[in-house]
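Right, one structure below, let's go through it.
What follows is calculated from the coordinates using simple rules that are stated; it is not laboratory data. Keep in mind the model is a prediction, meaning the values are calculated, not measured. Note that we place each Cβ from the backbone using ideal geometry, even for glycine, and neighbour counts take in every protein chain shown.
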Amino acid sequence: MSHDPIAFVGGGNMAAAIVGGLLAAGRPAGSISVVEPNEVQRASLRERFGVQVLAAADASLAGAVAVVWAVKPQAFRAAAAPCRPFVASALQLSVMAGIRSDAIAAASGSEVVVRAMPNTPALIGRGMAGLYARAAVGPAQKALAEALLAPTGALLWVAREADLDAVTALSGSGPAYVFYFVEAMMQAAQEMGLSAEQGKQLALGTFAGATALAQGSSEPPELLRERVTSKGGTTYAALTSLEASGVKAAFVNALKAAQRRAKELGDEFA
């Protein structure tokens with residue numbers, strides 16, 4: 001990736017994660033500018049990263065090859081209006097939830113739009129993001145979008161924009177599901193005589209190890225699960241209880257509920 005200017009509109013946590021990753025990868029701070037109306041947030045960005053910060057959009061944005069939209073969805077239209085005269089020739093890369101590419105194209109004046117749905121582990125470079133590109137996005141621009149987001153973690157392209165609703169349900173909201181199960185394991189640990197801290201350590205270590213094992217294996221998760229499960233053993237007792245309680249079906253239904261809500265938000269902001 002060249003060191004051509006990049007602009008961010010919005011300087012919150014996700015923008016900071018991307019900026020920090022780009023700087024760690026060698027991009028000069030002087031090639032990054034951030035439009036952020038909040039004075040405290042501007043000061044923080046300047047102190048942490050040494051990037052250029054703007055209280056409002058101005059002509060300095062005109063040279064940017066990409067604009068990363070990272071404002072809250074409800075603030076997008078107001079944020080886009082003053083930027084539009086300067087950014088229409090740039091790649092429009094959105095990390096906003098719920099704002100569809102039609103709305104981004106209309107507000108920015110550009111059909112060259114890539115939508116990304118990241119998740120919070122991006123803050124430590126271990127995120128998972130789904131990406132969708134409009135038809136006007138060429139190979140070089142897709143490569144630029146990948147280069148901008150690569151420091152935040154893994155990337156997965158989807159062919160249909162509607163698929164981002166499923167991505168939102170699975171990985172966008174996914175960290176909360178993991179934390180939910182960790183909470184349950186901590187509660188169970190206490191009820192079985194261990195401390196909450198011991199339960200947390202055991203739960204997090206187990207999730208980390210199981211995930212690493214699955215990532216490094218060519219075998220499907222079903223087979224990996226079966227290898228841990230001996231008929232009549234402790235794992236079998238636990239999984240039998242989960243199945244009897246309908247946990248898997250409830251979890252699948254929960255993901256579908258998240259997908260429906262993602263679509264509803266897109267409809268609301270359309």
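The table that follows gives values for the structure above.
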{"read-out": "Between the range 208-270 and the range 1-57, the Cα center-to-center distance that results, in Å", "value": "37"}
{"read-out": "The range 173-217: proportion of alpha-carbon pairs further apart than 18 angstrom, %", "value": "32"}
{"read-out": "Per-residue ³J(HN,Hα) for the range 52-68, Karplus 6.51 cos²θ - 1.76 cosθ + 1.60, θ = phi - 60°, Hz, x for Gly and Pro", "value": "6, 10, 10, 6, 8, 5, 8, 5, 5, 6, 4, x, 5, 7, 8, 10, 9"}
{"read-out": "Once the Cα gyration tensor of the range 92-249 is diagonalised, semi-axes √(5λ) in Å", "value": "39, 17, 15"}
{"read-out": "Given charges at beta-carbon only (K, R positive; D, E negative), |dipole| of the range 6-164 in Debye", "value": "120"}
{"read-out": "Among 176, 212, 59: highest mean-square fluctuation, GNM of the chain, C-alpha pairs under 10 Å", "value": "212"}
{"read-out": "Distant-in-sequence amide H partners of residue 71 (H built 1.01 Å from N, under 5 Å)", "value": "none"}
{"read-out": "Mean projection area, nm², convex hull over Cα of the chain", "value": "16.5"}
{"read-out": "Student exercise, the chain dipole from Lys, Arg, Asp, Glu Cβ charges, in Debye to nearest 20", "value": "120"}
{"read-out": "Least to most buried among 157, 69 (fewest other Cβ within 10 Å first)", "value": "157, 69"}
{"read-out": "Using alpha-carbon coordinates, inclination of helix 39-49 to the longest axis of the chain, degrees", "value": "80"}
{"read-out": "Normalised convex hull volume, the range 175-270, alpha-carbon set, Å³ per residue", "value": "143"}
{"read-out": "Fewest-first ranking of 152, 211, 229, using other Cβ atoms within 10 Å as the exposure measure", "value": "211, 229, 152"}
{"read-out": "Convex hull (Cα only) mean projected area of the range 1-65, reported in nm² to one decimal", "value": "3.9"}
{"read-out": "Mean residue ellipticity (222 nm) of the chain, computed from DSSP H runs ≥ 4 via -39,500 (n - 2.57), nearest 500", "value": "-16000 deg cm²/dmol"}
{"read-out": "Cα long-axis angle, helix 174-191 against the chain (0 to 90 degrees, to the nearest 10)", "value": "30"}
{"read-out": "log₁₀ of I(q)/I(0) at q = 0.11, 0.14, 0.19 Å⁻¹ - the range 6-164, Debye sum with one point per alpha carbon", "value": "-0.37, -0.61, -1.22"}
{"read-out": "Residue with peak Gaussian network fluctuation, the chain [Cα springs, cutoff 10 Å], from 32, 104, 124", "value": "124"}
{"read-out": "Tilt relative to the chain, helix 247-269 - C-alpha long axis, 0 to 90 degrees, to 10", "value": "20"}
{"read-out": "DSSP-defined antiparallel bridges as percent of all bridges, the chain, nearest 5", "value": "15"}
{"read-out": "Sorted by Cβ density within 10 Å, fewest first, the residues 256, 231", "value": "231, 256"}
{"read-out": "Distance cut-off 19 Å, percentage of C-alpha pairs in the range 86-169 lying past it", "value": "32"}
